[in-house]
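**Student:** One structure, pasted below without further comment.
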Amino acid sequence: MSLADHQKECDATGIVLQGEPMYIDLPYLESKPVVRAGRAFVKAYQDLGKEGKARLGDQGVAVYTSRHFWTCMNKARKEDPGAYQPMYEQILPLFPFIKPKEDGTSLGDILFLNRSKIQPRRVEMLFSETDREMLLDEVLQVFHSLIAGSRSLLPLDVGIFCHDLTQFHFEPDNVIRRWAYQYFAGTYREKEENHVQA
């Protein structure tokens, strides 16, 4: 695609977003219990060690019956007493693929940073999903394909991701729009910089 094409893509995304940039307000979000709970859950997961992580990854065992899961869940509930257990069960399969961050790195950022390794059709499918469970399946497939190629873990702020998933349940369009803005605006900025340097 030419720079003009990327400009049109970025402009179209901006129109869909009603001209409003959809950046993450990190200081505001860090005060949210769901963000703190997601970060606490993944920290507890990281502290489990190989054996605990392997047991949680055992496909033949229901996650909620594992004491390792409840160790993580209890840490999350200290930050957010209303932490939604099924969501944590659903995101657990992503953990072997990520390097936890606390800097606001979102799914939109991961898609942008790895755009050369992801088929545009896959991104479109992800952005058109309206069911949270199906969305997580799509994300897992994307993560699996990225790790299979490079073996380097993907940086993700699990707290922000938990916040996004909670919002997705009520307003999926807003979450998808923010991820799309991060993806398309980043792509356009990179192309613009390359064009100016040339």
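**Student:** Could you grab the pairs with beta carbons closer than 9 Å, sequence gap of 6+ or different chains, first residue in the range 62-86 and modelled with pLDDT under 95, second one among the acidic types (Asp, Glu) and assigned to a helix (DSSP H, G or I)?
**Tutor:** ALA62/GLU89; VAL63/GLU89; TYR64/GLU89; HIS68/GLU51; PHE69/GLU89
**Student:** Determine the pairs where a residue that is closer than 19 Å to ASP137 by Cα, located within the range 98-112, has a partner that is charged (D, E, K, R) and part of a loop (DSSP other than H, G, I, E, B) with Cβ atoms under 8 Å apart, the partner being 6 or more residues away or on another chain.
**Tutor:** SER106/ASP157
**Student:** Going by the structure shown, is GLY52 assigned to a helix (DSSP H, G or I), crowded, with 18+ Cβ neighbours inside 10 Å, among the small types (Gly, Ala, Ser) and modelled with pLDDT under 95? First the steps, then the outcome.
**Tutor:** Details: assigned to a helix (DSSP H, G or I): yes; crowded, with 18+ Cβ neighbours inside 10 Å: yes; among the small types (Gly, Ala, Ser): yes; modelled with pLDDT under 95: yes.
Yes.
**Student:** Let me ask something else. Does VAL123 qualify as being touching a residue at least 24 places away in the same chain (Cβ under 8 Å), under 22 Å from THR166 (Cβ atoms), surrounded by 15 or more Cβ atoms within 10 Å (Cβ to Cβ) and among the β-branched types (Val, Ile, Thr)?
**Tutor:** Working: touching a residue at least 24 places away in the same chain (Cβ under 8 Å): yes; under 22 Å from THR166 (Cβ atoms): no; surrounded by 15 or more Cβ atoms within 10 Å (Cβ to Cβ): yes; among the β-branched types (Val, Ile, Thr): yes.
Taking the combined requirement at face value, the residue does not satisfy it.
**Student:** Which members of the range 151-179 meet the condition of being over 15 Å from LEU113 (Cα atoms) and in contact with a Gly (Cβ under 8 Å, 6 or more places away or on another chain)?
**Tutor:** VAL158, GLY159, ILE160, PHE161, CYS162, HIS163, ARG178
**Student:** Give me the helices (runs of 4 or more DSSP H) completely within the range 59-122, filtered to those with at least 2 residues that are under 15 Å from the mean Cα position of the chain (by Cα), ordered by residue number.
**Tutor:** Working: elements: 67-79, 85-91, 107-113.
Helices (runs of 4 or more DSSP H) meeting the threshold: 85-91, 107-113.
**Student:** In this structure, is GLU138 acidic (Asp, Glu), surrounded by 14 or more Cβ atoms within 10 Å (Cβ to Cβ) and at pLDDT 90 or above? Even if it seems obvious, please write down each step before you answer.
**Tutor:** On the way: acidic (Asp, Glu): yes; surrounded by 14 or more Cβ atoms within 10 Å (Cβ to Cβ): yes; at pLDDT 90 or above: yes.
It is true that GLU138 is acidic (Asp, Glu), surrounded by 14 or more Cβ atoms within 10 Å (Cβ to Cβ) and at pLDDT 90 or above.
The values are calculated or read from the model by the stated rules, or taken from the named source; none is laboratory data. Here the structure is a predicted model, which means the values were calculated and not measured. Quick reminder, even Gly has a Cβ in these numbers, built from the backbone with ideal geometry, and neighbours come from all protein chains shown.
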